[in-house]
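Reviewing the structure listed below.
The values are calculated or read from the model by the stated rules, or taken from the named source; none is laboratory data. Remember, predicted model here, so these are calculated numbers, not experimental data. Positions of Cβ are backbone-derived with ideal geometry, glycine not excepted, and every protein chain shown enters the neighbour counts.
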Amino acid sequence: MEIVNPHQISIKNNCFFGLPTAIEDAQVVFLSVPWDATVSYGEGTADGPKAILEASYQLDWYDFDLSQAWLKGYGTIPINADIREKSKQTRAIATQVIEYLESGNSLDDRAIASSLKTVNQSSSFLNHWVYEQCQKFLGQGKKIALIGGDHSIPFGYIKALTEHYPQFSILHIDAHADLRNAYEGFTYSHASIMYNVMQLPNINKLIQVGIRDLCQEEMDKIVEDKRIVLFDDWHLKNQFYEGVTWKQQCQDIVSHLSETVYISFDIDGLNQVFCPNTGTPVAGGLDFNQAIYLIQTVVKSGKKIIGFDLCEVAPSKSGKDEWDGNIGARLLYKLTNLMYLSQKN
């Protein structure tokens with residue numbers, strides 16, 4: 001592993017945080033998925049990995065939870081330009097479908113059948129690509145930090161994990177429940193990721209935190225599926241206002257998780273002040289430090305984080321504001337360090 005000097009400026013070497021660990025030596029790999037084909041509102045999350053990468057160079061490497069984090073072996077898979085281009089092409093077709101539906105037309109109309117099929121085939125291709133990449137690194141005993149892209153991207157990763165672990169739970173931080181069945185006709189919509197994930201084997205719990213925007217179909221699903229536990233943002237805030245501490249709430253949340261945990265973190269789970277350019281912003285949400293405290297509580301409880309994704313970070317349209325990338329980079333580093341630390345439990 002190449003020696004780095006934690007006191008000097010990071011080198012812009014196309015590696016997250018400038019950490020130059022070769023993939024064969026890495027204990028954790030950063031795998032980017034520049035994809036936002038099915039987003040239903042604002043675009044731009046396909047460029048999230050690039051925005052996070054560029055902002056990551058200015059972070060200091062010292063971490064208050066993990067001593068000498070920069071020496072643990074974090075390697076970067078280059079952002080795949082072919083996946084980015086396929087996302088762009090698929091997005092153009094998906095946009096036509098969405099505009100057709102927004103004009104009051106039916107999902108069953110033959111006029112969009114071919115376009116729907118093309119988008120769904122492209123999404124299946126993406127899922128398989130992510131699955132294959134993750135299977136390769138999991139087979140080498142590495143942990144994976146998956147970086148989106150829209151929130152559809154972790155399906156292949158979670159599927160791969162179900163083949164390596166007999167059971168695990170998912171801690172899902174988000175503004176949205178993502179439990180819609182084939183939203184807008186897209187089987188693997190970003191709004192359907194948790195619906196699809198819950199069809200996979202070996203997932204015993206889905207703990208949703210910060211949710212504040214969902215439809216009746218999703219609420220019915222939550223009530224019906226006893227594996228799903230909802231900690232919606234309204235309830236969390238009301239409890240806090242009535243004297244229940246965040247520590248107590250986090251302990252309650254963590255008590256529902258199994259001993260092995262996957263974290264799916266949509267950036268819009270945070271208050272919009274931390275992600276002003278994300279595609280589907282919703283008022284409310286967690287403070288940055290609240291979210292970190294929750295993950296720290298998972299680790300302190302002795303549970304093991306087996307993987308995570310960070311999705312829906314989007315750069316500003318002007319390209320002049322790096323705040324979203326900055327928050328994404330800091331969140332990525334913290335999640336990675338806490339995942340590494342949890343392996344010692």
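One residue stands out among those in the range 175-203 that are of a type outside the set (S, T, N, Q), at positive phi and assigned to a loop (DSSP other than H, G, I, E, B): the one that is modelled with the lowest pLDDT, which is ALA182. For the range 78-95, a residue qualifies if it is in a helix (DSSP H, G or I) and either among the basic types (Lys, Arg) or in contact with a helix residue (DSSP H, G or I) (Cβ under 6 Å, 6 or more places away or on another chain) (or both), and the qualifying residues are ARG84, LYS86, SER87, LYS88, THR90, ARG91, ILE93, ALA94. Restricting the search to helices (runs of 4 or more DSSP H) fully inside the range 227-345 and requiring at least 1 residues that are in contact with an Asp or Glu (Cβ under 6 Å, 6 or more places away or on another chain) and more than 27 Å from SER192 (Cα to Cα) gives 323-342. Please determine whether any residue of the range 123-145 is of a type outside the set (Gly, Ala, Ser), crowded, with 20+ Cβ neighbours inside 10 Å and touching an Asp or Glu at 6+ places or on another chain (Cβ under 6 Å). Looking through the range 123-145, none of the residues is of a type outside the set (Gly, Ala, Ser), crowded, with 20+ Cβ neighbours inside 10 Å and touching an Asp or Glu at 6+ places or on another chain (Cβ under 6 Å). Take the conditions (1) in contact with a helix residue (DSSP H, G or I) (Cβ under 9 Å, 6 or more places away or on another chain); (2) charged (D, E, K, R); (3) surrounded by fewer than 24 Cβ atoms within 10 Å (Cβ to Cβ); (4) modelled with pLDDT of 95 or more; GLU322 misses just one of them, which is (4).
Annotation: GLU85 fulfils all but one of (1) of a type in the set (D, E, K, R); (2) crowded, with 20+ Cβ neighbours inside 10 Å; (3) over 23 Å from PRO6 (Cβ atoms); the unmet one is (2). Only one entry in VAL261, VAL254, VAL273 is β-branched (Val, Ile, Thr) and touching a residue at least 60 places away in the same chain (Cβ under 8 Å), namely VAL261.
Residue count for the range 21-51, restricted to those that are part of a loop (DSSP other than H, G, I, E, B), in contact with a strand residue (DSSP E or B) (Cβ under 9 Å, 6 or more places away or on another chain) and closer than 24 Å to PRO315 by Cβ: 3.
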